[in-house]
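Notes follow once the structure below has been shown.
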Amino acid sequence: MSAAVPAPLAAPVLDIEHGALGFGGRTLWSDLDLTVAPGEFLAVLGPNGSGKTSLLKTILGQQRLDAGSIRLGGRAVTRGDRRVGYIPQQKLVAPGTPLRGRDLVMLGVNGHRFGLPVSRREDRDRVDELLADVGATGFADRPVGLLSGGEQQRLRVGQALAADPVLLLCDEPLLSLDLQHQRAVSGLIDRRRREHDTAVVFVTHDVNPVLDIVDRILYLAEGEFRQGTPDEVLQSDVLSELYGTPVDVIRSHGRVIVVGVPDAHDHHDEVAS
């Protein structure tokens with residue numbers, strides 16, 4: 001009886017080879033090799049100005065690498081690729097904005113089409129489905145500007161999922177949200193990747209709200225980087241070597257606190273970026 005042949009490993013959703021990027025004569029990161037598998041949750045950490053958001057821009061095709069390549073599903077990235085969903089930082093919409101919750105999600109469904117967007121029956125059905133998926137049906141017809149930050153961010157998650165992406169990019173999506181809404185939004189993202197095998201690249205200032213669901217961490221600092229599991233990267237010796245100065249990593253009641261990270265601000269913060 002022949003031995004069972006193991007199933008082949010899934011091809012990476014995202015593949016960066018020897019990636020390098022600089023800004024204003026300063027190297028943000030270089031020689032970055034990074035793969036993200038289907039369903040994997042990668043958290044991107046590091047101090048302000050380390051190139052976290054710039055990394056997302058290169059994946060979105062909005063910014064060119066100085067060196068190296070980026071492939072999405074085996075093909076070079078292009079701007080406006082519908083295989084990529086994007087959740088931006090939380091920015092409150094002005095109260096007088098004449099836009100309903102469902103209108104915001106509809107932009108993810110038909111906003112990419114040329115000309116004036118025309119709402120078709122299948123588009124409206126898709127919006128209703130997305131609203132239900134992110135728990136936003138109850139406030140879908142209210143003006144976006146009158147919704148709470150957490151409610152607005154639920155809508156942005158729905159908008160990002162409109163094209164059924166294989167990769168979800170999240171740029172500080174929990175910023176300025178209270179703990180309850182942080183849990184709700186991160187739970188939506190985690191459910192999406194578990195149920196649909198969607199890969200997630202999650203830039204965050206504080207890893208603690210998502211620490212239990214993170215598979216790997218990419219930590220950018222001082223033009224260098226480290227990557228691995230949270231237990232491998234969030235260590236005093238690893239971050240001390242990365243920053244070139246003593247850094248302490250303290251674990252307390254299931255949370256991670258990093259002390260002594262050099263930054264524009266003298267801080268004593270939970271894992272900050």
Can you tell me which residue in the range 111-132 is modelled with the lowest pLDDT, limited to those that are surrounded by fewer than 18 Cβ atoms within 10 Å (Cβ to Cβ) and assigned to a helix (DSSP H, G or I)? 121
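For the subset of the range 142-187 comprising residues that are within 20 Å of the chain's Cα centre (by Cα) and assigned to a strand (DSSP E or B), which member is surrounded by the fewest Cβ atoms within 10 Å (Cβ to Cβ)? Reasoning before the result, please.
Filtering the range 142-187 for residues within 20 Å of the chain's Cα centre (by Cα) gives 149-187.
Of the ones still in play, those that are also assigned to a strand (DSSP E or B) are 167-171.
On the way: 167: 23, 168: 24, 169: 25, 170: 27, 171: 21.
Filtering the range 142-187 for residues that are within 20 Å of the chain's Cα centre (by Cα) and assigned to a strand (DSSP E or B), the one surrounded by the fewest Cβ atoms within 10 Å (Cβ to Cβ) comes out as 171.
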Selection status of residue 203, touching a residue at least 40 places away in the same chain (Cβ under 8 Å), touching a helix residue (DSSP H, G or I) at 6+ places or on another chain (Cβ under 6 Å) and not small (Gly, Ala, Ser): yes
Here's a check for you: in the range 24-63, which residue that is touching a helix residue (DSSP H, G or I) at 6+ places or on another chain (Cβ under 7 Å) and of a type outside the set (S, T, N, Q) is farthest from residue 227 (Cα to Cα)? 39
Out of (1) at pLDDT below 95; (2) crowded, with 16+ Cβ neighbours inside 10 Å; (3) part of a helix (DSSP H, G or I), the odd one out for residue 190 is which? (1)
The range 193-216, subset of a type outside the set (Gly, Ala, Ser) and assigned to a strand (DSSP E or B), residue surrounded by the fewest Cβ atoms within 10 Å (Cβ to Cβ): 216
Subset of the range 64-110 [without any contact (Cβ under 8 Å) to a residue 40 or more places away in the chain and farther than 25 Å from residue 186 by Cα]: 64, 75, 76, 77, 78, 79, 110
Does residue 139 satisfy the criteria of being at pLDDT 95 or above and surrounded by fewer than 23 Cβ atoms within 10 Å (Cβ to Cβ)? yes
Within the group 150, 158, which residue is of a type outside the set (Ser, Thr, Tyr) and touching a residue at least 40 places away in the same chain (Cβ under 8 Å)? 158
Are any residues in the range 33-53 on the phi > 0 side of the Ramachandran plot and in contact with a Leu (Cβ under 9 Å, 6 or more places away or on another chain), and if so, which ones? 46, 49, 51
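For every residue, the table says whether it meets (1) in a loop (DSSP other than H, G, I, E, B); (2) in contact with a helix residue (DSSP H, G or I) (Cβ under 6 Å, 6 or more places away or on another chain); (3) surrounded by 19 or more Cβ atoms within 10 Å (Cβ to Cβ).
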site: 218; (1), (2), (3): no, no, yes
site: 227; (1), (2), (3): no, no, no
site: 239; (1), (2), (3): no, no, yes
site: 245; (1), (2), (3): yes, no, no
site: 251; (1), (2), (3): no, no, no
Can you pull out the residues in the range 192-212 that are more than 13 Å from the chain's Cα centre (by Cα) and under 20 Å from residue 14 (Cα atoms)? 194, 195, 196, 197
Within the set of pairs 6 or more residues apart or between chains, which connect a residue that is over 13 Å from residue 161 (Cα atoms) inside the range 113-137 to a residue that is of a type outside the set (D, E, K, R) and at pLDDT below 90 with Cβ atoms less than 9 Å apart? 117/110; 117/111; 118/110; 119/110; 120/110; 123/110; 123/117
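The values are calculated or read from the model by the stated rules, or taken from the named source; none is laboratory data. All values reported here derive from a predicted model rather than from experimental measurement. Cβ sites come from the backbone with ideal geometry, for glycine too, and all protein chains shown count toward neighbours.
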